[in-house]
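Inspection log for the structure reproduced underneath, given as structure tokens.
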Amino acid sequence: MKESLHNLRNEALALIQEARDIKEINSLKISFLGRKGKLNEYTKKFSELKKEEKIELGQLINELKKAIEGALRRKERSLKSDQPKKTDWFDFTLPGKRPEQGHLHLVSQAIAEISDIFEKIGFVRVRYPQVEWDWYAFEALNMPKNHPARDEWETLFIKAPPHKKYGQMVLTPQTSSGQIREMERLKKPPIKMINIAKCHRRQQDITHTIMFHQFEGLLIDKNISIANLKGVLDYFAKSFYGPERKTRLRPFHFNFTEPSFEVDINCPFCLGKGCRTCKSGWHELGGAGMVHPNVLKASGFDSKKYNGFAFGFGVERTFMMRSGIKIDDLRLFYSNDLRFLWQF
Ligand code: DAH
């Protein structure tokens, strides 16, 4: 008997707790405490019991009744206070709280713009792994093992056993590895690739961040000349910086291009004459050149039949060269400081 009263208590309290309105409360009141209710069923059994048992059961029933009444009262009160009062009103003319609106990071904005510019003249945007084999990052780019030129790329190596053909794993130090991957993927010309990706180098100071972005162009076909390269670079300079801007090629050395150049852009203030901000009239943008026959061969292309050009620029640097934007410390790009990010 005691146990079944205990169960009845649990059942009643649970149902009261779950009640959703006053109507449900009233019907629970009737089903537990009413004349024909569950509690009265027990009172009916009194006649079968001995005197002491009657006293004990009587006490238990009384306690349970109080508990159920209390729970019903509390629930009724809370349901009533949840309902809107008649006097409540809502002033919909008050200004609301506007949630803050974010925007794309300035590097993402620059990447979208750069992709658009090159896509307009038929370059296809691609992306290749950030964790790359030594073969793609260096060897196939005409930089054999232990070549001193590799030092300039301050490479971060992955601790993993080297591959028989592809060598060690590295974090891509330059997007040029995309040249080999794209030639392997398409197997034959024409190739017009724009590879924009993250690069990593072991350098961190006001002009370097350990992670940065580059965009790499590659065009392979028949009879491609430096004039084609210059045309594409000038088209980019005018589209990204404005119609009065142009590029200049300066002889340089890269292992993966022959001849190789550094690409400069004319100063936004003096347009190349030379002034206080630029001194020489030009600012360095990145590297470029005619793809080296060894690079074509390493990618399975006939270097006698086909040729082409390539160029690689830093996205952050290219963005900073826009007139009026002077960022003293490159690390600000990635420090998540909203005071900086909100300006773009
Ligand atoms: N990968 C070079 C760097 O990170 C830039 C570069 C130079 C890319 C010449 C090219 C190129 O495609 O032809 O410094």
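With respect to Lys145, is the statement that it is assigned to a loop (DSSP other than H, G, I, E, B) and over 24 Å from the mean Cα position of the chain (by Cα) true?
yes
Can you find, within the stretch 250-283, the residue that is farthest from Glu152 (Cα to Cα) among those that are within 16 Å of the ligand (Cβ to nearest atom) and outside any strand (DSSP E or B)?
Filtering first and then ranking leaves Phe256.
Look through the stretch 171-198, keep the residues that are without any contact (Cβ under 8 Å) to a residue 60 or more places away in the chain and open to solvent by less than 10 Å² (accessible area, probe 1.4 Å), and return whichever of them is farthest from Glu132 (Cα to Cα).
Among residues in the stretch 171-198 that are without any contact (Cβ under 8 Å) to a residue 60 or more places away in the chain and open to solvent by less than 10 Å² (accessible area, probe 1.4 Å), the one farthest from Glu132 (Cα to Cα) is Glu182.
Taking Thr175 and the conditions (1) near the ligand (Cβ under 10 Å from one of its atoms); (2) among the polar types (S, T, N, Q); (3) more than 20 Å from Ile111 (Cβ to Cβ), which numbered condition does it fall short on, given that it satisfies the others?
The number of the failed condition is (3).
Of everything in the stretch 265-281, what is within 23 Å of Tyr235 (Cα to Cα) and not aliphatic (A, V, I, L, M)? Give them in sequence order.
Asn266, Cys267, Pro268, Phe269, Cys270, Gly272, Lys273, Gly274, Cys278, Ser280, Gly281
Please work out if Gly286 is of a type outside the set (Asp, Glu) and either touching a residue at least 24 places away in the same chain (Cβ under 8 Å) or in contact with a Lys or Arg (Cβ under 6 Å, 6 or more places away or on another chain) (or both).
Considered against the rule, which asks whether it is of a type outside the set (Asp, Glu) and either touching a residue at least 24 places away in the same chain (Cβ under 8 Å) or in contact with a Lys or Arg (Cβ under 6 Å, 6 or more places away or on another chain) (or both), Gly286 comes out as yes.
Residues of the stretch 204-219 being in contact with a strand residue (DSSP E or B) (Cβ under 7 Å, 6 or more places away or on another chain) and among the aliphatic types (A, V, I, L, M), which ones?
Across the stretch 204-219, the qualifying residues are Ile210, Met211, Leu218, Leu219.
Within the stretch 247-266, is there a residue that is aromatic (Phe, Trp, Tyr) and closer than 23 Å to Glu113 by Cβ?
So in the stretch 247-266, the residues aromatic (Phe, Trp, Tyr) come out as 252, 254, 256, 261.
Checking which are closer than 23 Å to Glu113 by Cβ leaves us with none.
Within the stretch 247-266, none of the residues are aromatic (Phe, Trp, Tyr) and closer than 23 Å to Glu113 by Cβ.
So that you can scan it fast, the table gives a plain yes or no per residue for (1) out of contact with any Leu (no Cβ under 6 Å at 6 or more places or on another chain); (2) within 13 Å of the ligand (Cβ to nearest atom):
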site: Met169; (1), (2): yes, no
site: Ile194; (1), (2): yes, yes
site: His200; (1), (2): no, yes
site: Gln214; (1), (2): yes, yes
site: Ile220; (1), (2): yes, yes
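Within the stretch 219-234, can one find any residue that is assigned to a strand (DSSP E or B) and not aliphatic (A, V, I, L, M)?
yes
Could you please find all residues in the stretch 153-167 being within 16 Å of the ligand (Cβ to nearest atom), among the hydrophobic types (A, V, I, L, M, F, W, C) and touching a strand residue (DSSP E or B) at 6+ places or on another chain (Cβ under 7 Å)?
Leu156
The values are calculated or read from the model by the stated rules, or taken from the named source; none is laboratory data. Computed from a prediction, not measured in an experiment: that's the story for all the values here. Reconstructed Cβ throughout: ideal geometry from the backbone, glycine too, with neighbour counts over all protein chains shown. Surface accessibility is based on the protein's heavy atoms, side chains included, excluding ligands, DNA and RNA. Shrake-Rupley method; radii C 1.70, N 1.55, O 1.52, S 1.80 Å.
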